[in-house]
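These notes are about the structure you will find just below.
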Amino acid sequence: MIVRRDQKVKLISSVPLFQGCSQAELARVAAITTQVEIPEGEVLMREGEPGESFVILVAGSAEVRKGKRHIGTLSAGDFAGEIALLTNVPRTATVRITSDVTALRATHKGFAALLDESPSIQRKVLRALADRIAPTAI
């Protein structure tokens, strides 16, 4: 499966971190993603390890576990690892692929460069992040 540019933009627009971005800004985010094919059984992210990338599932499924506890299931349109784009904190959960997956991957390094080049995207992402954590802040 080959993911077209317009499909990438549509998928990225559904990620809360990018909710305030214009179509042109979403296209810039899409440009730093690469399509990856991940086989069933592979561990995509491991709890406690450094977070170096963010993924959006295009097709397939994955299981999310925290310790031995099942947290949820990811499917097309779902995403994981978004905090790795902005911080250096370890992964908070393990994500294991449960069927062959096609995904879009953005690296921490590529995203950091994009934010440096585009202050408008940086402001919108930071605002979206603040909106997500504000309800739990004291």
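Here the condition is being more than 15 Å from the chain's Cα centre (by Cα), hydrophobic (A, V, I, L, M, F, W, C) and at pLDDT 95 or above; of VAL43, VAL95, VAL36, it holds for VAL43 alone. Look at ALA76 and say whether it is without any contact (Cβ under 8 Å) to a residue 40 or more places away in the chain, in a loop (DSSP other than H, G, I, E, B) and under 15 Å from VAL15 (Cβ atoms). Taking the combined requirement at face value, the residue satisfies it. Within the set LEU104, LEU129, LEU85, LEU114, the sole residue that is more than 17 Å from CYS21 (Cα to Cα) and surrounded by 16 or more Cβ atoms within 10 Å (Cβ to Cβ) turns out to be LEU104. Kindly indicate whether any position in the range 119-127 is farther than 18 Å from GLN35 by Cβ and within 14 Å of the chain's Cα centre (by Cα). Yes: one or more hits. From VAL58, VAL43, VAL36, which residue is surrounded by 16 or more Cβ atoms within 10 Å (Cβ to Cβ) and either over 23 Å from ARG132 (Cα atoms) or of a type in the set (Val, Ile, Thr) (or both)? None of the other options fit; the residue is VAL58. Scanning the range 6-19 for residues that are surrounded by fewer than 18 Cβ atoms within 10 Å (Cβ to Cβ) and within 18 Å of GLU37 (Cβ to Cβ) yields one hit, GLN7. Test GLU63 against the stated conditions and say whether it is within 21 Å of HIS108 (Cβ to Cβ), outside any loop (DSSP other than H, G, I, E, B) and among the acidic types (Asp, Glu). The answer is no for GLU63. Could you say which residue among GLN35, GLN7 is polar (S, T, N, Q) and more than 21 Å from THR98 (Cβ to Cβ)? That would be GLN7, the only listed residue that is polar (S, T, N, Q) and more than 21 Å from THR98 (Cβ to Cβ). Among the residues of the range 92-106, those identified as farther than 12 Å from VAL55 by Cβ and not β-branched (Val, Ile, Thr) are ALA93, ARG96, SER99, ASP100.
In the range 42-63 there is at least one residue that is closer than 29 Å to PRO119 by Cβ, touching a residue at least 40 places away in the same chain (Cβ under 8 Å) and among the acidic types (Asp, Glu).
Within 20 Å of ILE97 (Cβ to Cβ) and acidic (Asp, Glu): does that describe GLU25? No, not satisfied. The set of residues from the range 79-92 being among the hydrophobic types (A, V, I, L, M, F, W, C), over 14 Å from LEU11 (Cβ atoms) and not in a loop (DSSP other than H, G, I, E, B) comprises ILE83, ALA84, LEU85.
A single member of ILE97, ILE71, ILE56, ILE12 is in a strand (DSSP E or B), closer than 28 Å to ARG123 by Cβ and not acidic (Asp, Glu), and it is ILE56.
The values are calculated or read from the model by the stated rules, or taken from the named source; none is laboratory data. Fair warning: this is a prediction, and the values are worked out from it, not measured in the lab. Because the Cβ atoms are built from the backbone with ideal geometry, glycine has one as well, and the counts that use them run over all protein chains shown.
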